[in-house]
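Visitor: Sending over a structure as structure tokens; questions will come in a sec.
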Amino acid sequence: MSIKAVILSLPKDVERRRSCELELDRFSLAHEFSDAISGDQLEELHLLQSYDAGINRRKFKRPLSRNEVACTLGHRQIWQKIANSEDHMCLVLEDDATFVQNPTSFLDAISHCPECFEEVMVKLDGPPGKNAQIVRSVADQSLVLSDRLPPRTTGYIIGRRAAARLIALDAPIARPIDIDLKFYWEHKVPILTLQQQMIAERAAVDSNIESTRQETKPGSSFSRFVRNTLYQASYTYGRLSHPLDPHTIEGLGPLMQTESRVRTCI
């Protein structure tokens, strides 16, 4: 089985798409583009149906920009396609992704057991946080379970059942997508990282999201401090009250069956 890459990209960003094609052609990776929606093109009704400002005030430290809402909608669109497909898993990339390690041996290795990855997400775009446990070695990499996920959604593997579970939540958008994924006790999809980062953002590419985040910071510095403190307290409480045990996490079973000895990641 060969793994297909799906790239989230605005149709108008021709140069970004060309760079993606050159990058994936280097490793002979089959790929297709999924058309993203620009935040300024979101119809007001669609925005109101997708984004809940009230929940956002309770769950996050600032309002979201239109581009952040559009980014989440783009990833959800890809998840829906994967959930409805016959592929056990797919590689999902944003159009500013670049490989900092050759992915060939890793992708070849996981393609030998595609059903093992149907219920999980594997983030390729950042190192694991603290409290990390090595679940399984794959080629020259290690799959790591950590209660602190790296930010960004630049590149990840997602299984068909994991995508279906995320779509089935059908929750209003209230946090950026990468922050939402950190709240594993809410979505209950096992998310692993690699011990060594494989994908990064291309340095020469300006982020469509970062440029609009500054505009959404609320009110005074004091109000921002209060919202950030409440958000951090909620996240920390949730993380500490839901410790991760790889032997009891639903969806990790197929990965644990072939290598059940869990090691602490140093």
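The values are calculated or read from the model by the stated rules, or taken from the named source; none is laboratory data. For clarity, every value in this text was computed on a predicted model and none was experimentally measured. Positions of Cβ are generated from backbone atoms using ideal geometry, with glycine treated the same way; all protein chains shown enter the neighbour counts. These area figures cover heavy atoms from the full protein model, side chains too; ligands, DNA and RNA do not enter into them. Shrake-Rupley method; radii C 1.70, N 1.55, O 1.52, S 1.80 Å.
Visitor: Scanning the stretch 1-31 for residues that are over 20 Å from residue 118 (Cα atoms) and in a strand (DSSP E or B), which turns out farthest from the chain's Cα centre (by Cα)?
Guide: 9
Visitor: Follow-up. For the stretch 235-244, check the following and say yes or no: at least one residue is open to solvent by 60 Å² or more (accessible area, probe 1.4 Å), at pLDDT 85 or above and assigned to a loop (DSSP other than H, G, I, E, B).
Guide: Yes, because at least one residue in the stretch 235-244 is open to solvent by 60 Å² or more (accessible area, probe 1.4 Å), at pLDDT 85 or above and assigned to a loop (DSSP other than H, G, I, E, B).
Visitor: Could you tell me which of the residues 161, 175, 148 is closer than 14 Å to residue 75 by Cα and not acidic (Asp, Glu)?
Guide: Just one listed residue meets the conditions, 175.
Visitor: While we're on this one: Give me the pairs: first residue in the stretch 193-206 and on the phi < 0 side of the Ramachandran plot, second residue surrounded by fewer than 16 Cβ atoms within 10 Å (Cβ to Cβ) and modelled with pLDDT of 95 or more, beta-carbon distance under 6 Å, and six or more apart or on different chains, which are they?
Guide: As it stands, the answer is 200/100, since those pairs meet every condition given.
Visitor: Identify, by number, the condition in (1) modelled with pLDDT under 95; (2) more than 20 Å from residue 169 (Cβ to Cβ) that residue 50 doesn't meet.
Guide: Single failed check for residue 50: (2).
Visitor: Something else: Please go through the stretch 58-76 and give me each residue that is out of contact with any strand residue (DSSP E or B) (no Cβ under 6 Å at 6 or more places or on another chain), closer than 26 Å to residue 158 by Cα and in a helix (DSSP H, G or I), ordered by number.
Guide: 59, 66, 67, 68, 70, 71, 73, 75, 76
Visitor: Given the criterion under 30 Å from residue 170 (Cβ atoms), in contact with a strand residue (DSSP E or B) (Cβ under 7 Å, 6 or more places away or on another chain) and among the β-branched types (Val, Ile, Thr), identify the matching residue among 110, 37, 55.
Guide: Going through 110, 37, 55 in turn, just one is under 30 Å from residue 170 (Cβ atoms), in contact with a strand residue (DSSP E or B) (Cβ under 7 Å, 6 or more places away or on another chain) and among the β-branched types (Val, Ile, Thr): 110.
Visitor: Still on this structure, I have one more. Residue check, residue 97 against (1) under 12 Å from the mean Cα position of the chain (by Cα); (2) surrounded by 23 or more Cβ atoms within 10 Å (Cβ to Cβ), all met but one. Which one?
Guide: Only one criterion in (1) under 12 Å from the mean Cα position of the chain (by Cα); (2) surrounded by 23 or more Cβ atoms within 10 Å (Cβ to Cβ) is unmet by residue 97, namely (1).
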